[in-house]
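Notes for the one structure printed next.
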Amino acid sequence: MAGIRPFLTKVIVVLAMTILAETGVNAEETGVPHPVIAKGKGDQCVADTAFMRRNHMRVLDHQRDDTVHAGERAGKFSLKGCLDCHAVEGTDTRPVSFDSPQHFCRTCHDFAAVQVDCFSCHASRPGEKPTARFRHDGGDLTARLREAVK
Amino acid sequence: MTGAQPSNSGRRRFFARAAAAAGLVLAPGVVLLTTKAKAAATGPRWGLLIDLNKCPIDCSECVTACNDENGLKGHGRPLTDAQWIRKVDVRDPASKREWSVPVMCQHCEHPPCVDVCPTGASFQRDDGIVLVDKHICIGCRYCMMACPYKARSFIHEDLTDQKPHAPRGKGTVESCTLCVHRIDAGGQPACVERCQGIATGAMTFGDLNDPDSAIARRVATYATRRIRDDLGLAPGVYYQGL
């Protein structure tokens, strides 16, 4: 009995590592499994990674109020910005939606068991760019309006 | 009494200005709240002018453009499906004349939906656009009761595939945003663009505060009406030929 226990422990550890490796979770030096986070486009995020990990929800919240109420859309902490850079391509070459466990937000949030409510209203993947016909063109608009009332 | 009035109002203006500049001062150097002075007097006031003489009864391009732009998809249930613009057919029994009036959120200067909102979700931007902050909306639908134009819709069901620029979700009220994402980018609403592009050009969008803008000049030149102007809400949507 005393001889079989270390053996069982080894088997369990090997099994656990195999399962973790297959589900894409790294056992780092600390022994704590970390989620595999897809790398975003470009060299670096709009802010320091450590800062973003800790504060993304606060900066997003703050900027959303500025955008909705004051129409300030130039800020760097936009949800659309996150999704544009961190889109993860699915099997059909379209970026995956929040329904997929590969979605950038989900990889961490599933791991931390923190619910994300953003995507019940917000699009969870980048949209198609506006077509040429329906593009915003403020300068052209004024000219066209002037022409219309002549 | 009449002599005291001007100096009194002058003093009030002084206090109002001082309060606006300083906010609520608790102690020297300790400020609880600073309020930004409202830019409405000098900034733009966006509005629409719809020439009903040019608006055919059988055309609904503005509605289609709105649905495309904002990702509105019906469930085949007209009573509860979201609609940001609808065409209302009206008929004058005396003259037998028939119109079709596009009715959307009228972006009132004194919006009753904002007055009744218990959470502050329904609000008016400085440029006059009336919006719902869906982060705060609890879906009570008081604003839908208050709106005399039936402009708002409640979302009853889970939605998918929303447009990135037009977040919409179950349990909140929504209405025409005057395509605020386009306006902030220097554009004009999708309905106006479609109307001028491939329909009859009945719709004009612009700044009512700018006397040189096309819309302000037309409103100043032609006879226009606003729907239920007697209510004193001062809508931002003008109709020509109503």
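So here's what we get for this one:
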read-out: Sequence-distant residues sharing a close amide H with B:Leu48 (under 5 Å, placed H); value: B:Val237, B:Tyr238
read-out: Over 31 Å (Cα to Cα) - which of B:Lys96/B:Lys150; A:Lys39/B:Lys73; B:Lys87/B:Lys170; A:Lys76/B:Lys163; A:Lys80/B:Lys73 fall in this group; value: A:Lys39/B:Lys73
read-out: Rounded FRET efficiency, nearest 0.05, which uses the C-beta distance separating B:Tyr222 from B:Met145 and R0 of 41 Å; value: 0.75
read-out: Only Lys, Arg (+1) and Asp, Glu (-1) charged, at Cβ; region A:63-102 dipole about Cα centre in debye; value: 100
read-out: Charge context of A:Val59, other residues only, Cβ under 13 angstrom, K/R +1, D/E -1; value: +1
read-out: Amide H partners (placed H, <5 Å) of B:Ser122, local residues excluded; value: B:Asp133
read-out: Ellipsoid semi-axes in whole angstrom, largest first, where each is sqrt(5λ) of the Cα gyration tensor of region B:188-242; value: 20, 14, 11
read-out: Debye-sum result for region B:46-240 in log10 I(q)/I(0), which assumes one identical scatterer on each alpha carbon, at q = 0.08, 0.20 Å⁻¹; value: -0.25, -1.66
read-out: Cβ-placed point charges (K, R +1; D, E -1), dipole of region B:91-130 about Cα centre in debye, nearest 20; value: 300
read-out: Karplus (6.51, -1.76, 1.60) ³J(HN,Hα), θ = phi - 60°, over region B:49-54, in Hz, Gly and Pro reported as x; value: 10, 10, 8, 6, 5, 9
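FYI, it's all coordinate maths here, none of it is from the lab. Values in this document were obtained by computation on a predicted structure and should not be read as measured data. Note that we place each Cβ from the backbone using ideal geometry, even for glycine, and neighbour counts take in every protein chain shown.
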